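What follows is one structure encoded as structure tokens, with my remarks underneath.
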Amino acid sequence: MPKFSVILPAAGKSRRFKDKHYKKPFAVLDGRAVWLHSAEKFLNREDVIQLILIIAPEDRETFEMKFAANVAILGIDLVEGGIERADSVEKALARVKPQAEFVAIHDAARPCIADEWISTIFDTAAQSGAALPGIPITATLKRASIKGDGSNMVIETVDRTSLWEAQTPQVFRRDWLLEAYAQRDGFVATDDAQLVERAGHPVTLLEGSPLNRKITTRQDLNLAAQILRILPKPKVGGTGNPFADDDLFR
């Protein structure tokens, strides 16, 4: 059985969340912090040997006051993040156990993830070296420019063919990910797959679910609470691809 380390970035600024009490990973969802919902899906797996949570340095004191017991009981490694997301992940990579053959990176603020989705992504990464879920773009996309008065002007309609919205968890061979970060040289990546792509490694894209959404605003908490109640349960039979088998994805 391949062994996985899991990194949960939770060091962002949460500017769009607009809550004076909580950043989005630490907000209460269905009675527990958002990040705990995300963490437990991985901690319950036999193939996960480590979970690393990244927090902002300025959040450490408050975080430890609220969650020190959770971190200790669950055996979670805590890492202070950097300026950019990639800086934070790079610091966490330095703490990955050498026994881990693969590293999974999952947004701490993406709590609506089902066990079978994780299994499919883990299995695909174990076979191909790298895998992530995504959603095909179905909306009409416009490229715009900002006028002098601050208004937006459409320049063109963008062809959405072959365009996907990336999700997490993104899972990689440990050596591929370390190589990708070693070659980063300050490059600001919007996700980890971008760095692995730049290093020349193929990344397999699986069709994910719109239910696997990232919490961005406070309104997303209400929707996430409803999604948690309808997440698909493990199934027997089918095509072997839980993303394709479940009607919730269509």
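Pairs meeting the criteria (first residue in region 127-156 and free of Cβ contacts under 8 Å to residues at least 40 places away in the same chain, second residue surrounded by 11 or more Cβ atoms within 10 Å (Cβ to Cβ) and acidic (D, E), beta carbons under 7 Å, at least 6 apart or on different chains) are I137/E165. Every listed requirement among (1) buried (at least 17 other Cβ atoms within 10 Å of the Cβ); (2) at pLDDT 95 or above; (3) among the hydrophobic types (A, V, I, L, M, F, W, C) is met by A94 save one, (1).
The set of residues from region 162-195 being under 13 Å from A104 (Cα atoms) and of a type in the set (D, E, K, R) comprises R173, R174, D175, D191, D192.
Total residues in region 184-202 satisfying the condition of being modelled with pLDDT under 95 and among the polar types (S, T, N, Q): the figure is 1.
Taking A126, is it more than 17 Å from the chain's Cα centre (by Cα), at pLDDT 95 or above and of a type outside the set (D, E)? In short, yes. State whether the residues of region 93-105 include one that is outside any loop (DSSP other than H, G, I, E, B) and within 28 Å of R218 (Cα to Cα). Checked region 93-105: at least one residue is outside any loop (DSSP other than H, G, I, E, B) and within 28 Å of R218 (Cα to Cα). Screening region 72-91 for residues that are in contact with a Pro (Cβ under 8 Å, 6 or more places away or on another chain) and in a helix (DSSP H, G or I) and picking the one that is surrounded by the most Cβ atoms within 10 Å (Cβ to Cβ) gives V89.
Looking at G82, is it at positive phi and at pLDDT below 95? Quick ask: steps written out before the conclusion?
Numbers: at positive phi: no; at pLDDT below 95: yes.
Spelling it out, it is not the case that G82 is at positive phi and at pLDDT below 95.
Per the conditions (1) assigned to a loop (DSSP other than H, G, I, E, B); (2) under 21 Å from T204 (Cβ atoms); (3) touching a strand residue (DSSP E or B) at 6+ places or on another chain (Cβ under 6 Å), the sole criterion not satisfied by I121 is (1).
The values are calculated or read from the model by the stated rules, or taken from the named source; none is laboratory data. Not measured: the values here are computed from a predicted model. Every residue, glycine as well, gets a Cβ built from its backbone with ideal geometry; the counts of neighbours run over all protein chains shown.
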